[in-house]
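Throughout, read-outs are computed from the coordinates displayed, never taken from laboratory work. A quick note: this is a predicted structure, and the numbers were derived from the prediction, not measured. Neighbour counts are summed over all protein chains in view; Cβ atoms, including those assigned to glycine, are modelled from backbone coordinates with ideal geometry.
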Amino acid sequence: MNFSIAKRKPFGLSLSKPCFFFFGVRKEKDSPSTSSGQTGVFMATLFAVVALTLPAPAQADALLDNANGYTLDEDGNLVRFTGLLFDPETGRVTGLLDRRDDRPGDLEFLHDAEGRTVIPGLIDAHGHVMGLGYGAIQLDLSGTASLAEAQAMIRDYSAANPTLRWIVGRGWNQEVWGLGRYPTAADIDAAESDRPVWLVRVDGHAGVANHAAMRAANITTSSQAPDGGRIERDGGEPNGVFVDAAMGLIQSAVPIPEPPVRDMALRAAQNILLGYGVTTSHDMGTSADDWSVLRRAGDRGQLSVRVVSYAGDLETLLDIAGDGPTPWLYGGRLRMVGLKLYADGALGSRGALLNAPYADAPDQMGLALSDGIYLRNRLSRLAIDRFQPAIHAIGDGANREVLSVIEEIATRYTDDRRWRIEHAQIVDPVDIPRFGQHGIIASMQPVHQTSDRLMAEARLGPNRLQGAYAWNSMLRTGAHLAFGSDYPVENPNPFPGLAVAISRQDANGQPVGGWQAHERVSMSEAFAGFTTGAAYAGFAEDRIGRLGRGFYADFLILDRDIFDATPEQIRETVVLETWIGGGRTWVRSAQPNPNAPPMDAPIGPMISEDEVTEGR
Ligand SMILES: [Zn+2]
């Protein structure tokens, strides 16, 4: 790992020379106080000669000092520092300082952390960037405690947004409402019946449409659900509820937002992520439209959060990336590395594929969204071009199937492929060691454990939960663990995730002692899940995830010491400042920071494709 850092250093040095030279000449030439053109030329020449003959002074570093700093080192040990030196030009760390180390006298700038805790920027290994953004600007029902409350919100939103062609929202959860059933089109009509309304469930695996939306989508009594989906009916009539693949029937009728609305959504998403200290996110299921929004932001210097992208479908992946992962774009801000695939649905809507029937629905075993042959074909196709598959598998049946497919493909591609299984929520304990055998990445979301606990117990019964959310067993049997939140399904704040990972307790401290407490991980391991582990999962462990020489100066200033705190205290952590690539990108009191260095200043030279290959 150190080799690649050492090789990268010359980039920064070679850049600083021409910059210095050019700056010296131009400064003289443009100076309004130069009365004689000749003097100006002479001065400029002298200046240029001096600049050429003297060794170019190294670009002065910037220093974040007086920090209570923590990072993992390359061996996974937690190390401490009080000063962080970084090159403001490349945006990369040049050194960590101990309290006893001398501070350089010549500094580009000094920032006093005032003794506060500083950690590397956190990485969410599984999120949906545009989903978060759209959610932020759409009707958000996630806080509603009853159907009546949701109906009131729909009415208010409708009145406040008279020009919208469709009212789109998400976040409802009939379990929280205590409804005992899904909401129906009639329930939504009671709030808004003129314009189409489409409301996606909190887990993204079911939605409810009103009658106007069903009309717009040409849904009739004779409409059939596609494979892997279900249309719920009352007496043969579609009642407004569309599950998993059937959601597409309505979704495809929703007009795509205009580009300015999409740009607004990305801005909203970035602001939310920055405020929670998420400096890099893996984007699961990037569409061609999403990619164009990300590229537009990158082109304009408005992409702050680093995004590691997994395309939503093969066509999009091949269109965008061609015959291999894209280079890092915009100085390490954006890269497409692979494809998101689905093996099954979710537990809440009983779409997760189980090995045996649901305990609370004995006639259902879930939905296989892809069969084994399809998965084999897709993984073979991806492997040829070194694209990384990230396969959603929640039920024990789906996980077993995916493990078998990976095992088969992995015998042909024995080099570093980092097969990813997303969620890996319910795994038969006999299958857990299979994760370690081929270096599979278990990309898991700690907060799902607390959100799903009671529902998972109902769906599976008491005897099939031994391998549920089994983070510690995954680690002990050699799997690579990457943590995330699956936002906007959950809040993207990683600190509750850290708290849950070490406690297996929810925000109310339930259950006492932690749910299946042997599956807790240590604080260092949890921290690794949101830093080095998540970086590794995206082939980015050579540049993000920890603070060390050559790594991007992505770091957070926190209001408390998370390594000297209870889970309850960790959960309440407040991010004060978020720095990315050596630039202060977000400040709590005044976000986004208008005085932040311009995007092109703090970040390094474009990474060449060679380097990307080397990184892999
Ligand atoms: Zn997801």
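Quick notes
- Spacing of the modelled spin labels on A356 and A507, each 7 Å from Cα toward Cβ, amounts to 3.5 nm.
- Two-site FRET efficiency, A186 against V430, from Cβ-Cβ distance with R₀ of 41 Å, rounded to 0.05: 0.35
- Legend: calculated FRET efficiency, D363 to R588, from the Cβ-Cβ distance at R0 = 51 Å, rounded to 0.05, equals 0.50.
- Amide H to amide H, with H built 1.01 Å from N, G538 comes under 5 Å of no residue 5 or more places away or on another chain.
- For the chain, the relative contact order comes to 17 percent (Cα pairs under 8 Å, sequence separation of at least 6).
- Sequence-distant residues sharing a close amide H with Q388 (under 5 Å, placed H): G338, L339
- Relative contact order of segment 68-209, taken over Cα pairs closer than 8 Å and 6 or more residues apart, is 17 percent.
- Relative contact order computed over segment 151-199 (Cα-Cα under 8 Å; 6+ residues apart), in percent: 57
- Fully extended contour minus Cα-Cα distance, from Q437 to Q466, at 0.36 nm per residue: 8.4 nm
- Those trypsin sites (Lys or Arg not before Pro) in segment 226-333 that DSSP places in a loop and that have at most 12 other beta carbons within 10 Å: R300
- By the count of other C-beta atoms within 10 Å, a proxy for reagent exposure, D234, D263 are ordered fewest to most as D234, D263.
- Beta bridges assigned by DSSP with both partners in the chain are antiparallel in approximately 45 percent of cases.
- The chain pair-distance distribution - Cα-Cα, 20 Å bins, rounded %: 19, 51, 24, 6, 0
- About its Cα centre, segment 129-251 has a charge dipole of approximately 220 debye under the convention of +1 per Lys or Arg Cβ and -1 per Asp or Glu Cβ, with nothing else charged.
- Added length on full extension, which subtracts the Cα-Cα distance from 0.36 nm per residue, S252 to E74: 59.5 nm
- Using the Cβ-Cβ distance between T163 and S404 with R0 = 56 Å, the FRET efficiency computed as 1/(1 + (r/R0)^6) comes to roughly 0.65.
- Spin-label model, N377 to T220: label points 7 Å out along the Cα-to-beta-carbon direction sit 3.2 nm apart.
- Interchain or long-range residues, amide H under 5 Å from F551's placed H: V93
- DSSP loop GluC sites (Glu not before Pro) with at most 16 other Cβ within 10 Å: longest gap in the chain: 115-571
- With neighbour counts taken as other beta-carbon atoms within 10 Å, the residues T578, T450, T144 rank, fewest first, as T144, T450, T578.
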